[in-house]
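The values are calculated or read from the model by the stated rules, or taken from the named source; none is laboratory data. Since the structure is predicted, the reported quantities are computational estimates derived from the model, not experimental observations. For neighbour counting, all protein chains shown are included, and Cβ atoms are generated from backbone atoms with ideal geometry for every residue, glycine included.
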Amino acid sequence: MAGRFAPRTTGPALPHQAAPAARRRTGAPPPGAGAEGRTEPPLTREWTPSGPLDLRLVLGPLRRGPADPTFRMTPDGAFWRATRTPEGPGTLRVAARGDRVGAEAWGPGAEWLLAGLPALLGADDDPDAFTPHHPLLAATRRRRPGLRLLRTGLVMESLIPSVLEQKVTTDEAYRAWRLLVRRYGTPAPGPTTTLGLHVMPDARTWAMIPSWEWHKAGVDTKRSSTILRAVRVAPRLEEASSMPFPEARARLELIPGIGPWTSAETLQRSNGAPDAVTVGDYHLPSIVGHALADNRHATDEEMLTLLTPYEGQRHRATRLILLSGRIPERRGPRMTPGNIAAL
């Protein structure tokens, strides 16, 4: 239970405590900067996709709210992503260059990020494996030829924000992610100062966050305890990124507090799993039911029945339904966001 309490003052400081103070004392430059405070030149790569590619559609699922400290889209059309790779923190900038994609990367994880660029942008995805059996899906597929299912190869970066999204409004979850990453993460390598990008904390730092800081971020004990259980076995969970979907899902769901909803939301991003349909979602059954059968009151079971023709591609089917714009009109009040931090 050590992770439920503040670290002892004699122990190593957390990144948000140590880094700024150390830089003030020593004059050391921020991560990704040279000895004189200059940003180190990036590693670069160009990649040509085999077909149409819409970066906004592909990378959009990585963004956790408009103020996500790990993700930015800039006015020049570039996408910036700060993450923690097996090699260390890294920042990736991706932009379309005609029929090619150009990428730049900074930090210890730069080589790892560039090596995984094709997979990130859907090179391992097979859109032709999907056969639309409904006019809505066929029409949406024609209008969105650049949709690919990404694969990050990183489990914890998707698992933790997915746990934060359990049973709360998206605004509450985004706020918690934003506060915790900014406070306990580290500034992203590269020229990211004006973007405010941060790399999420490592497993040890997540485990050392005291209970009152979770509370201040609006995270209840059930969700914070799930995250603490997960980070204690983070290396084992990261292994799921290279497993087939059924085995990966089983690995994640061994952790108490991680169920089908959370494992699907995670593996859609980390593994690019095309069949990882999100069961247990508050809105998705009604959206799928309304789109495919004009049934806005569909249950999870009815949703899965409607998606049976797309077995093996059910996540892609739901993405296309969400992109179609055929969403049932709201007929009730929005869920009121909670704020346990005020208690």
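Go through (1) in a helix (DSSP H, G or I); (2) modelled with pLDDT under 95; (3) of a type in the set (S, T, N, Q) one by one and return the number of the condition Thr336 breaks.
(1)
When you look at Thr299, is it surrounded by 21 or more Cβ atoms within 10 Å (Cβ to Cβ), of a type in the set (S, T, N, Q) and at pLDDT 95 or above, yes or no?
no
For a quick check of your reading: which helices (runs of 4 or more DSSP H) sit entirely within the range 211-270 and have at least 3 residues that are over 20 Å from Leu62 (Cα atoms) and in contact with a helix residue (DSSP H, G or I) (Cβ under 9 Å, 6 or more places away or on another chain)?
Filter on the range 211-270 gives 211-216, 221-231, 245-252.
Among the residues of the range 123-137, which ones are out of contact with any helix residue (DSSP H, G or I) (no Cβ under 7 Å at 6 or more places or on another chain) and assigned to a loop (DSSP other than H, G, I, E, B)?
Ala123, Asp124, Asp125, Asp126, Thr131
Any chance you could count how many residues in the range 291-325 are closer than 21 Å to Thr169 by Cβ and assigned to a helix (DSSP H, G or I)?
3
Go through the range 263-303 and report how many residues are under 21 Å from Lys167 (Cβ atoms) and of a type outside the set (D, E, K, R). Show your work before the answer.
Residues of the range 263-303 that are under 21 Å from Lys167 (Cβ atoms), as a first pass: 263-269, 276-288, 297-301, 303.
Right, trim to of a type outside the set (D, E, K, R) and you get 263-264, 266-268, 276-280, 282-288, 297-299, 303.
Residues that pass the stated criteria total 21.
Of all residues being polar (S, T, N, Q) and surrounded by fewer than 17 Cβ atoms within 10 Å (Cβ to Cβ) in the range 40-75, which is farthest from Arg100 (Cα to Cα)? Just the residue, please.
Thr74
Scan the range 249-280 for residues that are surrounded by 18 or more Cβ atoms within 10 Å (Cβ to Cβ) and at positive phi and jot them down.
Gly272
Can we say Arg72 is in contact with a Phe, Trp or Tyr (Cβ under 9 Å, 6 or more places away or on another chain) and under 27 Å from Leu179 (Cβ atoms)?
Spelling it out, Arg72 is indeed in contact with a Phe, Trp or Tyr (Cβ under 9 Å, 6 or more places away or on another chain) and under 27 Å from Leu179 (Cβ atoms).
Mind counting the residues in the range 138-181 that are hydroxyl-bearing (Ser, Thr, Tyr), within 24 Å of Leu197 (Cα to Cα) and outside any loop (DSSP other than H, G, I, E, B)?
Residues meeting the conditions: 4.
Please name all residue pairs, on different chains or six or more residues apart, with Cβ atoms under 6 Å, provided the first residue is in the range 272-284 and is closer than 18 Å to Leu149 by Cα and the second residue is basic (Lys, Arg) and modelled with pLDDT of 95 or more.
Going by the 6 Å Cβ cut-off, the qualifying pairs are Gly272/Arg151; Pro274/Arg316; Asp275/Arg314; Val277/Arg314.
Hey, among Ala342, Ala264, Ala293, which residue is touching a His at 6+ places or on another chain (Cβ under 8 Å) and either among the small types (Gly, Ala, Ser) or modelled with pLDDT of 95 or more (or both)?
That would be Ala264, the only listed residue that is touching a His at 6+ places or on another chain (Cβ under 8 Å) and either among the small types (Gly, Ala, Ser) or modelled with pLDDT of 95 or more (or both).
Say whether the condition of being at pLDDT 95 or above, among the β-branched types (Val, Ile, Thr) and over 25 Å from Arg175 (Cβ atoms) is met by at least one residue in the range 232-240. Walk me through how you get there before you give the answer.
In the first step, residues of the range 232-240 are kept if they are at pLDDT 95 or above; the result is 232-240.
Remaining after also requiring among the β-branched types (Val, Ile, Thr): 233.
Now narrow it down to the ones that are over 25 Å from Arg175 (Cβ atoms): 233.
The answer is yes, given that some residue of the range 232-240 is at pLDDT 95 or above, among the β-branched types (Val, Ile, Thr) and over 25 Å from Arg175 (Cβ atoms).
Listed here are the residues, each with its yes/no results for (1) polar (S, T, N, Q); (2) under 20 Å from Phe130 (Cβ atoms).
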{"site": "Arg229", "(1), (2)": "no, no"}
{"site": "Pro235", "(1), (2)": "no, no"}
{"site": "Glu239", "(1), (2)": "no, no"}
{"site": "Trp261", "(1), (2)": "no, no"}
{"site": "Gln268", "(1), (2)": "yes, yes"}
{"site": "Pro274", "(1), (2)": "no, yes"}
{"site": "Asp281", "(1), (2)": "no, no"}
{"site": "Leu284", "(1), (2)": "no, yes"}
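Results for (1) of a type outside the set (A, V, I, L, M, F, W, C); (2) buried (at least 22 other Cβ atoms within 10 Å of the Cβ); (3) over 18 Å from the mean Cα position of the chain (by Cα), shown as yes or no for each residue.
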{"site": "Glu165", "(1), (2), (3)": "yes, no, no"}
{"site": "Met200", "(1), (2), (3)": "no, yes, no"}
{"site": "Ala207", "(1), (2), (3)": "no, no, yes"}
{"site": "Trp214", "(1), (2), (3)": "no, yes, yes"}
{"site": "Val233", "(1), (2), (3)": "no, no, yes"}
{"site": "Met243", "(1), (2), (3)": "no, no, yes"}
{"site": "Glu247", "(1), (2), (3)": "yes, no, yes"}
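Only one of Arg93, Arg141, Arg100 is within 20 Å of the chain's Cα centre (by Cα) and among the charged types (D, E, K, R); which? Before the answer, list the steps.
Details: Arg141 fails: within 20 Å of the chain's Cα centre (by Cα); Arg100 fails: within 20 Å of the chain's Cα centre (by Cα).
Going through Arg93, Arg141, Arg100 in turn, just one is within 20 Å of the chain's Cα centre (by Cα) and among the charged types (D, E, K, R): Arg93.
Go through the range 176-198 and report how many residues are within 15 Å of the chain's Cα centre (by Cα) and farther than 11 Å from Pro69 by Cα.
Residues flagged as within 15 Å of the chain's Cα centre (by Cα) and farther than 11 Å from Pro69 by Cα within the range 176-198 amount to 1.
Would you say Thr193 is assigned to a loop (DSSP other than H, G, I, E, B) and at negative phi? Spell out how you get there, then give the answer.
Details: assigned to a loop (DSSP other than H, G, I, E, B): yes; at negative phi: yes.
So Thr193 fits the description; yes.
Looking at Thr170, Thr140, Thr194 in this structure, which one is among the β-branched types (Val, Ile, Thr) and in contact with a Ser or Thr (Cβ under 9 Å, 6 or more places away or on another chain)?
On the way: Thr170 fails: in contact with a Ser or Thr (Cβ under 9 Å, 6 or more places away or on another chain); Thr194 fails: in contact with a Ser or Thr (Cβ under 9 Å, 6 or more places away or on another chain).
The unique qualifying residue is Thr140.
Determine if the range 207-224 includes at least one residue that is in contact with a strand residue (DSSP E or B) (Cβ under 7 Å, 6 or more places away or on another chain) and over 25 Å from Gly280 (Cα atoms). Walk me through how you get there before you give the answer.
Filtering the range 207-224 down to residues in contact with a strand residue (DSSP E or B) (Cβ under 7 Å, 6 or more places away or on another chain) leaves none.
No, there is no match, as no residue in the range 207-224 is in contact with a strand residue (DSSP E or B) (Cβ under 7 Å, 6 or more places away or on another chain) and over 25 Å from Gly280 (Cα atoms).
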